[in-house]
Amino acid sequence: MSLLGNAPGGFVEVAGPLPIRHTFTYRIPSRLSGALQVGSRVVVPFQRRKLTGLVLEVHDRNPEVEAKPLLEQVDPEPILGAKLLELGRWISDYYLAAPGEVFRVMLPPGLLGRKRPEKKKYWPSKRRLAIVKLAARPPRSLTSRQQEIWLELQKRTLPVLLAGFCRQVGCGDDVLRRMADQGALEIEKVDVYRSPFDEAGADQAEVRHVLTSEQSAAWGEIRKALDRGGFQRMLLFGVTGSGKTEVYLNAIERVLEKGQSALVLVPEIGLTPQMSRAFRSWFGDQVAIQHSGLSDGERFDQWRRIRSGRCRVVVGTRSAVFTPLAKLGMIIVDEEHDSSYKQEEMPRYHGRDTALKRGQLEDALVLLGSATPQLETFHGALEKKRFRCLKIPKRILDRPMPTVHVVDMRHEFERHGKAALFSTLLEDGIGRRLQLRQQVLILLNRRGYAAAVLCRSCGGTETCPHCSISLTHHLDWNRLLCHYCGYARSLPEKCRECGKPYIYYVGEGTEKIQQWLEGRFPEARIDRLDRDSVRRRGSLQRILSRFAGHRTDILVGTQMIAKGHDFPQVTLVGVLSAEMGLRIADFRAAERTFQLLTQVSGRAGRGEEPGDVIVQTYYPNHYSLKYACQQDYEEFYRREVVFRSRFRYPPFTALANLVVRGEKREEVRDLAASLAQSLKRHRKTHSDPQRLRILGPAPAALERLRKEYRHQILIKTTNRAELHRVLGGALGEVDGSSRRRIVVDVDPVNLL
């Protein structure tokens, strides 16, 4: 399919925001002949609706059925260039996603969607404000008040915003408008960009550090790669606290010197402001940010600044990989191992792998950074030589890695005769840090107050009526909540099964840990960072700012506290229930546990004082805990890769996870069985059982989720091309209504 703009022809292929894996052909009306370009938007009829879709091809091939005429041209120029269009095509093909859904997420919210005929809103509204400037000629006769305002304006850097100036000098805007009528002032409306930046840190001074020898060696290799040009892949494998960000900054400076642009991806919204402040201190207004935490208007304005060429450095989360940067010379994927880079709704793309593909299309260097690389990435560097691996094995300023202490909680139970939330070692350690006015991080990767509600009489539990999961007690709301669908229920006074009042709350979450600490250390300032505490916009940054400014002594949190934060006053990290992640039925459980423990341990001792980490666990001998405590990634890799090879998991195979879902269990079971048979038929044509294994169908680990039953089929293969042919053939046999009940996840990171 041609991706050339302004191609002659009478028809266009349009991708609409629909869950359909093909484009639609429309006839070009004579009034628009020769005017349409690939990558621009048009309004088209679809059934009884009108949709805003994207033109993917202009051609003169007659369709098999009569094509309807398109209704309207929206953009005189393409809003997506040829390389981003090609990237979207690749995502659609590789992840078996509808092209319209792909291009919808590649654009700011609202640019590709339904068109409401009564309201032509093809672009989000721009922000327009009136500004005040002094007139070119001297003022005419002015009142005393007007003269005061005139003199005040002469002191200001003009133009100024009308509303803001009026507030400052204490007058109404009618005074200034009369002055404008007299010719003393000029008032006009201009487009302004909505800024998502924290202006308090906008003037932060540039901070540069002398690179260590290890940093310098890595930077030297990156510089050579940038000067060579072309598509290259590198892995920056540096321990926590080794100064990877400083290497990134030097690399981007070189990119800008060459007249190119750079893209920096981070896994979490919470890390973006921290990173963007560092980059703004070096590169000023050339920096833009992109992430889903911005308002639609802020995202649109940032996208406009990038597209206009005003910004040449973009820092953002997963979807920032689609920003329309021109002359892209480098893409950095920080913490490349993080599962947040995987989109869990359609289109189910992976931000890291999409970045690699975009780097290939743009002839750019792609630099992946991590202290705990994903196993597939490290295997690609070590065994397949797909990546050039650059190692930074030491922390900056030769600061020592934290000392890790493992506490076997079985011994604590024997000593105290009951289960304890905190070991004696951790409790004493917290007390000492508070006396020294140092800070403490406590990790428990489970939010809420209690994990489950149990009846001591009959053993019944409070479960979600829509999901196969226990309800969690949340103290803040005094409710039981489902963490999957959001269902809420009041606390029970008696068992729903047997009617007896023997209710018992089992397990603990971050709320309970915070409550215990507040009772044990009443003088301490304690805060909590989890998904519940950051529901309101801005709360995440407020919590982090308080802790960074040492207005908080202890921060309790889930995995959100483990990722990339730099708090120099933290000298103790406590990890509760370290083995929790190992209980999940997923082949990545050991890897995720290792990564989480290594990352959170790396938050300790990043300043002048050395750090300690106390890991509490009932399973101290598991290799993922053992090597995480030793901060030894390579030994963990050697142990884990044996397991992956033996059971044919990535990196030795590719995976596709198919989930059939629906409200009726029997229909779900029957459709899953039919799909499995179709997959096996197409395997006979395109592959064989030795290269492509089909496991299932079987009920998913969470059999019911959000009122839908779920059956699962897992495909393992050593040949990706065969995988796509088998999947494409089998899905092509499924009718439209049934196809919408099948979720296809290529390269899944979560098998639940």
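The values are calculated or read from the model by the stated rules, or taken from the named source; none is laboratory data. None of these values were measured; they are calculated from a predicted model. A quick note on method: Cβ atoms are made from the backbone with ideal geometry, for glycine too, and the neighbour counts reach across all protein chains shown. Ligands, DNA and RNA are excluded from the accessible area calculation, which covers all protein heavy atoms including side chains. Shrake-Rupley method; radii C 1.70, N 1.55, O 1.52, S 1.80 Å.
Overview of results
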quantity: Number of positions in region 81-97 that are in contact with a helix residue (DSSP H, G or I) (Cβ under 7 Å, 6 or more places away or on another chain) and either aliphatic (A, V, I, L, M) or not in a helix (DSSP H, G or I) (or both); calculated: 5
quantity: Failed item, numbered, when residue 600 is tested on (1) assigned to a loop (DSSP other than H, G, I, E, B); (2) touching a strand residue (DSSP E or B) at 6+ places or on another chain (Cβ under 8 Å); calculated: (1)
quantity: Helices (runs of 4 or more DSSP H) lying entirely in region 218-333 (those with 1 or more residues that are farther than 24 Å from residue 563 by Cβ and modelled with pLDDT under 95); calculated: 296-308
quantity: In region 145-169, the residues that are without any contact (Cβ under 8 Å) to a residue 24 or more places away in the chain and either in contact with a Lys or Arg (Cβ under 9 Å, 6 or more places away or on another chain) or open to solvent by 60 Å² or more (accessible area, probe 1.4 Å) (or both); calculated: 147, 148, 151, 154, 155, 156, 157, 167, 168
quantity: Selection count where residues are assigned to a loop (DSSP other than H, G, I, E, B) and within 30 Å of residue 655 (Cβ to Cβ), scope region 572-597; calculated: 8
quantity: From the options 683, 606, residue that is without any contact (Cβ under 8 Å) to a residue 60 or more places away in the chain, touching a Pro at 6+ places or on another chain (Cβ under 8 Å) and open to solvent by 10 Å² or more (accessible area, probe 1.4 Å); calculated: 683
quantity: Complete set of residues in region 381-419 that are closer than 26 Å to residue 243 by Cβ, open to solvent by less than 40 Å² (accessible area, probe 1.4 Å) and assigned to a helix (DSSP H, G or I); calculated: 381
quantity: Cβ-Cβ under 8 Å pairs, at least 6 apart or on other chains, region 730-751 side in a loop (DSSP other than H, G, I, E, B), far side of a type in the set (Val, Ile, Thr) and surrounded by 13 or more Cβ atoms within 10 Å (Cβ to Cβ); calculated: 734/742; 741/660; 741/668
quantity: Lone qualifier among 569, 515, 559 - being out of contact with any strand residue (DSSP E or B) (no Cβ under 9 Å at 6 or more places or on another chain) and not aliphatic (A, V, I, L, M); calculated: 515
quantity: Candidates 585, 590, filtered to the one that is within 30 Å of residue 381 (Cα to Cα) and buried (at least 17 other Cβ atoms within 10 Å of the Cβ); calculated: 590
quantity: Residue 749 surrounded by 15 or more Cβ atoms within 10 Å (Cβ to Cβ), of a type outside the set (S, T, N, Q), within 22 Å of residue 380 (Cα to Cα) and modelled with pLDDT under 95; calculated: yes
quantity: Qualifying residue in region 573-584 (condition: within 20 Å of the chain's Cα centre (by Cα), at negative phi and not charged (D, E, K, R)); calculated: no
quantity: Search result, residues across region 298-324 that are polar (S, T, N, Q) and within 17 Å of the chain's Cα centre (by Cα); calculated: 317, 319, 323
